[in-house]
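Chemist: Have a look at this one.
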Amino acid sequence: MPQTLQTHQEQQLMSVFAVTYVYADADTQALYRPEHRKYLASKLEENSLIASGPFTSGETPGALLIFSAESENEIEEIIAKDPMNIGGAVLSYTIREWNPVLGSIGA
């Protein structure tokens with residue numbers, strides 16, 4: 001079943017966070033991509049990851065990840081355990097709480 005935002009009741013207890021990654025070069029990313037995707041798949045199964053994917057335009061490689069969590073600290077913990085980050089392929093990241101007003105997210 002495709003991942004969507006949690007039910008209204010669950011959403012009231014959780015916040016949504018938009019995370020942007022800035023990646024190192026393609027060769028460095030490729031080293032960690034398989035484990036990174038396995039890790040993110042586990043977060044999807046846990047219902048903490050709503051959607052993720054790489055940016056397809058622009059000069060700087062990166063990605064957008066949308067999470068549901070109780071706090072920004074929880075997001076920091078998730079990022080700290082991401083193999084792409086551990087391996088050094090994430091050069092920097094931002095975390096912003098986000099208020100999705102309309103629409104649904106994810107495939």
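The values are calculated or read from the model by the stated rules, or taken from the named source; none is laboratory data. Source: prediction; values computed, not measured. Counting neighbours? That spans all protein chains shown, and the Cβs are built from the backbone with ideal geometry, glycine included. All accessible areas refer to the heavy atoms of the entire protein, side chains included, with ligands and DNA or RNA removed. Shrake-Rupley method; radii C 1.70, N 1.55, O 1.52, S 1.80 Å.
Chemist: Taking H placed 1.01 Å from N in the peptide plane, check which residues at least 5 places from Trp98 or on another chain put their amide H under 5 Å from its amide H.
Modeler: For Trp98, the qualifying residues are Val16, Phe17, Ala18.
Chemist: Using the heavy atoms of the protein chains alone and a 1.4 angstrom probe, what is the accessible area of the chain per residue in square angstrom?
Modeler: Numbers: 6850 Å² over 107 residues.
For the chain, the per-residue accessible area is 64 Å².
Chemist: Could you sort 79-86, 23-30 so that the peptide with the highest average Cβ count within 10 Å comes first and the rest follow in order? Before the final figure, lay out each step's value.
Modeler: On the way: 79-86: 16.8, 23-30: 13.8.
Ranking, from highest mean packing down: 79-86, 23-30.
Chemist: Just how large is the dipole of the chain about the Cα centre, in debye to the nearest 20, putting +1 at every Lys and Arg Cβ and -1 at every Asp and Glu Cβ? Please list the in-between numbers first.
Modeler: Values: 6 positive and 14 negative charges, 56 e Å.
Dipole magnitude for the chain comes out near 280 debye.
Chemist: Moving to a separate point now. Enumerate the calculated ³J(HN,Hα) couplings along the range 29-46 in order (Karplus 6.51 cos²θ - 1.76 cosθ + 1.60, θ = phi - 60°), each rounded to whole Hz, writing x wherever the residue is Gly or Pro.
Modeler: 4, 4, 4, 10, 4, x, 5, 4, 5, 4, 4, 5, 4, 5, 5, 5, 4, 7
Chemist: At 7 Å along the Cα-to-beta-carbon direction for both Asp25 and Glu72, put a label point, then send me their distance in nm to one decimal.
Modeler: Spacing of the two 7 Å Cα→Cβ label points: 3.4 nm.
Chemist: Moving on. Taking 0.36 nm per intervening residue step and subtracting the Cα-Cα distance, what contour gain separates Asn47 from Lys81 on full extension? If you can, show how the numbers build up before the last one.
Modeler: Numbers: separation 34, 0.36 × 34 = 12.24 nm, distance 1.65 nm.
Gain in length upon complete extension: 10.6 nm.
Chemist: Another question, then. Shape of the range 45-107 from its Cα gyration tensor (a ≥ b ≥ c, root eigenvalues): rounded if a/c is under 1.5, otherwise prolate when a/b > b/c, or oblate? Show your work: numbers first, answer last.
Modeler: Values: a/c = 1.76, a/b = 1.16, b/c = 1.52.
Judged from the Cα gyration tensor, the range 45-107 comes out oblate (a/c at least 1.5, b/c at or above a/b).
Chemist: Additional query: What is the log10 of I(q)/I(0) for the chain, computed with the Debye formula using one identical point scatterer on each Cα and no solvent, at q = 0.15, 0.21, 0.24 Å⁻¹?
Modeler: -0.61, -1.16, -1.45
Chemist: Still on this structure, please answer the following. Would you grab the residues whose amide H sits under 5 Å from the one on Ala51? Only those 5+ places off in sequence or on another chain, please, with H modelled 1.01 Å from N.
Modeler: Amide H neighbours of Ala51, under 5 Å, 5+ apart: Ile66.
Chemist: Let a ≥ b ≥ c be the square roots of the eigenvalues of the Cα gyration tensor of the range 16-73; is it rounded (a/c under 1.5), or, if not, prolate (a/b larger than b/c) or oblate?
Modeler: Values: a/c = 2.42, a/b = 1.49, b/c = 1.63.
The shape class here is oblate.
Chemist: Of the accessible area of the range 15-107, with the probe set at 1.4 angstrom, what percent is carbon plus sulfur? Walk me through the numbers on the way to the answer.
Modeler: Details: 2820 of 5550 Å².
Reported share for carbon and sulfur atoms: 51 percent.
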